[in-house]
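K.L.:
Sharing a structure with you now.
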2 protein chains.
Amino acid sequence: MRILFSPIGNTDPWRNDRDGAMLNIVRHYKPDLTFLFFTESIWEGSDKVAPHRLFNWEEIIKKVSNKTSVECMIEKIEDVNGFDSYKDIFHKYLVDLENRYPDAEFLLNVTSGTPQMETTLCLEYITYPSHKDCIQVTTPLLASNANTKYANPEDQEIDLEIVNIEESKSESRCQSISIISFREAMIRNQVKSLIENYDYEAILWLLDAQKSFYNGSRIRSRLKEVTKNIKTHEVFPSITKKYRNNDLQKALFHFLLLDMRFKRRDIAEVLIRVKSITEFVVEKYLNRKYVGLIKYTKGKPYINLFYNPKFMSDYHNLLKNENYKFDERRLLSFPAYYNFFKILEPEGRLIKKMSCVNDINGIRNDVAHNLENLNLEKNGNEEKIVKAVRAVKEMISIVFPEIKQDDYEYFTKLNKELKELL
Amino acid sequence: MRILFSPIGNTDPWRNDRDGAMLNIVRHYKPDLTFLFFTESIWEGSDKVAPHRLFNWEEIIKKVSNKTSVECMIEKIEDVNGFDSYKDIFHKYLVDLENRYPDAEFLLNVTSGTPQMETTLCLEYITYPSHKDCIQVTTPLLASNANTKYANPEDQEIDLEIVNIEESKSESRCQSISIISFREAMIRNQVKSLIENYDYEAILWLLDAQKSFYNGSRIRSRLKEVTKNIKTHEVFPSITKKYRNNDLQKALFHFLLLDMRFKRRDIAEVLIRVKSITEFVVEKYLNRKYVGLIKYTKGKPYINLFYNPKFMSDYHNLLKNENYKFDERRLLSFPAYYNFFKILEPEGRLIKKMSCVNDINGIRNDVAHNLENLNLEKNGNEEKIVKAVRAVKEMISIVFPEIKQDDYEYFTKLNKELKELL
């Protein structure tokens, strides 16, 4: 159903033999219900304005649109030209109507009444735009109404006939006004700020509540894809398209997630993930350069006892010196790989980077396994984590030098793309 | 500095020997610059309105406030009663002024001009409220201005003297209008929707951009605390206050994070964390009930060979049957604990819950270590993760039965608290 919400001013119900704004809307939209709002002063009249209670509103409206029912509400307003006077009252009436008619579409007459009423209705619309439309009605002269004839209750029947004849010759003077763009502008600024924080999910939530938004569906579908990939750790399609190497894809993607969380200061999660990514990357390197050093059983990495006798004896000695016992049944992980590099490439570029990860391994395990909190101030932890994140990127670019620098900036590029869509 | 932005209407510069809205604002706020906006039709005049170009605006304004400089802008507007006419023009002029005077405070005259101009300025303010204030000016009669004497350019000098005398007897008729609440209402709805998604950080970002917000500082400080705890895994103070047991605190807190991420569908992260929390909780249980079974070296858990001979022989057999070799040097973790329970409490409540975590351990390791993506549709993974998250809660409540049910609802309570502050 369709409901017209209309304040009533002194150009209602008509003026100069033509519809006032309310009547013109009723004539052309034929609402099921028209809700009229009067201030007590217009209802009772003054030396300048005829008492509007003397108009038979129901009869007038029925003659213009016979299916339309009418409700009148009269409120005593202390300051008729104030803003605060209408804010709560209009909101209350509109919420009440929405509760009574949950499926209704609302037309708000923003032409009748005082400028303050008009502004209040526009603001109400911007704030709660759902199922609403603001209708403005231009004057027949396409200019100000000043100095033209007001309606007189005593002549209302004959006057209405004249008005009906005059209006029957004319087109609708109603137009829906496009002020929702103000709301859009506001949300656009919020979206910009959330983009800076890589908070793509919050953007989706804001846009979902927004009925119209420039490029809204493009932004939404892009972000739905991105957030789904993030949540399920599925490599972004632009990466899988560009690079064939599956390991490279995963390493790059996980670095991007790591870096994004780091920028969001999700620091404990970053700390937990640094080691797994490092492990993954250096394992791929070892498999490529030292074929056969690692053997896999049920997909899990173990040391191959039959690799290289010199290496094995060096490794035994190294463990012995560090007070560890060699055990070939132990699953390989970061500490083992770190030791391998001490033997294989003690002066290499990778081991230097691995040492940054090694430096946080203790606190990492406390946070990941002992569920300790992360004290950033303690032992230079913050600085160590910064270094470790940087080291992860450098290790990836050593192991997968074919990755274009540009592709480490996935989120920077995404943010740029999103901003361009705004 | 202070800048007045004012459209000019037919009640400017004065009417009926009293200030029009613009002049009253100039009189009482004494801006450094007054920017006047004229439509071509009011500038040139019509049969109803005197040509406003004939008023000496600078002289008039200087006589009322001698420090105020004046800029006039005249624009041809096709539809003077339309909304779209002013939206872009006003915005353009205001942005231009803001660029020229980055430190200025702006007063927007929302009384002069057409109702559409007024509404447009109010909407502009709501959308970009920073360093702005909307000033409304009431008429001297505290009622409509209709049928009173307009200003005549020919008599402007003598008329201004009369106006100055009349106004000198009166208080300011200006008032700052409090329509920012519409913006607040809009943001309040957005905040509500973000609360539903536990997106506390996005709320902070929205509120930071908002100069006034009911309970804003309370909401902000609460959320700053909560997000800091989340980001550094530091147990919420309400938990540390209520429970003395450090292990209980950590288990509960990490379940809360897990559950919150689960509700946000951050599903890969949830999958990765389930195992660590389970490991932590059952290890505490084993230490309490089977004292001495686990021994710690450098803080890390190993099996104690001298625990109970019967248990050790059972454990050897169990590993043998499952084709694993016993190795006392291996760090204990979830699979070992799961096996312990097969011997110690094969019919107990905990092992049933642990089996839910065991069911996802393979996919968990693929995601955590092999950086695989999580395919929710495959092998009933989604259902298995749901079960595992529930199982974590049940294990915690078995191991720490003193936790009140209520405390598992930390985020539900936080959300309620936040909504009450809105």
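The values are calculated or read from the model by the stated rules, or taken from the named source; none is laboratory data. None of these values were measured; they are calculated from a predicted model. Quick reminder, even Gly has a Cβ in these numbers, built from the backbone with ideal geometry, and neighbours come from all protein chains shown. The accessibility values were calculated without ligands, DNA or RNA, using every heavy atom of the protein model including side chains. Shrake-Rupley method; radii C 1.70, N 1.55, O 1.52, S 1.80 Å.
K.L.:
Give the range B:112-121 a look and list any residue that's at the interface with another protein chain (Cβ under 10 Å from one of its Cβ atoms) and either more than 12 Å from B:Pro7 (Cβ to Cβ) or not in a helix (DSSP H, G or I) (or both), or say none.
P.N.:
Narrowing the range B:112-121 to residues at the interface with another protein chain (Cβ under 10 Å from one of its Cβ atoms): B:113-121.
If the condition is that a residue be at the interface with another protein chain (Cβ under 10 Å from one of its Cβ atoms) and either more than 12 Å from B:Pro7 (Cβ to Cβ) or not in a helix (DSSP H, G or I) (or both), then B:Gly113, B:Thr114 are the ones that fit.
K.L.:
In the list B:Ile187, B:Ile165, which residue meets the criterion of being free of Cβ contacts under 8 Å to residues at least 60 places away in the same chain, away from chain A (no Cβ under 11 Å) and in a helix (DSSP H, G or I)? Step through it out loud before you land on a result.
P.N.:
Numbers: B:Ile187 fails: away from chain A (no Cβ under 11 Å).
Within the list B:Ile187, B:Ile165, the selection yields B:Ile165.
K.L.:
A follow-up question, please. Report every pair of residues separated by at least 6 positions or lying on different chains whose Cβ atoms are under 8 Å apart, first residue within the range B:216-241 and in contact (Cβ under 8 Å) with a residue 40 or more places away in the chain and of a type in the set (S, T, N, Q), second assigned to a helix (DSSP H, G or I) and surrounded by 14 or more Cβ atoms within 10 Å (Cβ to Cβ).
P.N.:
Short answer, once both residue conditions are applied: B:Ser238/B:Tyr410.
K.L.:
Do you know which residues across the range B:168-184 are among the β-branched types (Val, Ile, Thr) and within 7 Å of another protein chain (Cβ to nearest Cβ)?
P.N.:
B:Ile177, B:Ile179, listed by residue number.
K.L.:
Looking at the range B:66-80, can you tell me whether even one residue there is under 31 Å from the mean Cα position of the chain (by Cα) and closer than 18 Å to B:Cys122 by Cα?
P.N.:
Taking the range B:66-80 first, the residues under 31 Å from the mean Cα position of the chain (by Cα) are none.
No - not one qualifying residue is present in the range B:66-80.
K.L.:
Next up: Quick check on B:Glu196: is it within 30 Å of B:Gly45 (Cα to Cα), of a type in the set (Asp, Glu) and open to solvent by 30 Å² or more (accessible area, probe 1.4 Å)?
P.N.:
Values: within 30 Å of B:Gly45 (Cα to Cα): no; of a type in the set (Asp, Glu): yes; open to solvent by 30 Å² or more (accessible area, probe 1.4 Å): yes.
So B:Glu196 fails the test.
K.L.:
Select the helices (runs of 4 or more DSSP H) contained entirely in the range A:198-276, then report the ones holding at least 1 residues which are at the interface with chain B (Cβ under 9 Å from one of its Cβ atoms) and under 20 Å from B:Leu376 (Cα atoms). Step through it out loud before you land on a result.
P.N.:
Numbers: elements: A:200-208, A:216-232, A:237-242, A:246-263.
So the answer is A:200-208, A:216-232, A:246-263.
K.L.:
If A:Glu283 passes every condition in (1) assigned to a helix (DSSP H, G or I); (2) in contact with a strand residue (DSSP E or B) (Cβ under 9 Å, 6 or more places away or on another chain); (3) more than 10 Å from chain B (Cβ to nearest Cβ) but one, which one does it miss?
P.N.:
(3)
K.L.:
Can I ask one more? Go through (1) within 14 Å of another protein chain (Cβ to nearest Cβ); (2) in contact with a Lys or Arg (Cβ under 9 Å, 6 or more places away or on another chain); (3) more than 19 Å from B:Lys250 (Cβ to Cβ) and name the single condition B:Lys378 misses.
P.N.:
Tallying (1) within 14 Å of another protein chain (Cβ to nearest Cβ); (2) in contact with a Lys or Arg (Cβ under 9 Å, 6 or more places away or on another chain); (3) more than 19 Å from B:Lys250 (Cβ to Cβ), B:Lys378 fails exactly one: (2).
K.L.:
Please go through the range A:151-191 and give me each residue that is of a type in the set (Val, Ile, Thr) and out of contact with any strand residue (DSSP E or B) (no Cβ under 6 Å at 6 or more places or on another chain), ordered by number.
P.N.:
Pass one, the range A:151-191, residues of a type in the set (Val, Ile, Thr): A:158, A:162-163, A:165, A:177, A:179-180, A:187, A:191.
The answer is A:Ile158, A:Ile162, A:Ile165, A:Ile179, A:Ile180, A:Ile187, A:Val191.
K.L.:
For the range A:90-125, name all the residues that are of a type in the set (Gly, Ala, Ser) and touching a Phe, Trp or Tyr at 6+ places or on another chain (Cβ under 8 Å). Before you say what the answer is, go through the steps one by one.
P.N.:
Residues of the range A:90-125 that are of a type in the set (Gly, Ala, Ser), as a first pass: A:104, A:112-113.
If the condition is that a residue be of a type in the set (Gly, Ala, Ser) and touching a Phe, Trp or Tyr at 6+ places or on another chain (Cβ under 8 Å), then A:Gly113 is the only one that fits.
K.L.:
Taking the condition open to solvent by less than 30 Å² (accessible area, probe 1.4 Å), modelled with pLDDT under 90 and over 30 Å from A:Gln190 (Cα atoms), does B:Ala143 pass? Steps first, please.
P.N.:
Working: open to solvent by less than 30 Å² (accessible area, probe 1.4 Å): no; modelled with pLDDT under 90: yes; over 30 Å from A:Gln190 (Cα atoms): yes.
When the stated conditions are applied, B:Ala143 does not pass them.
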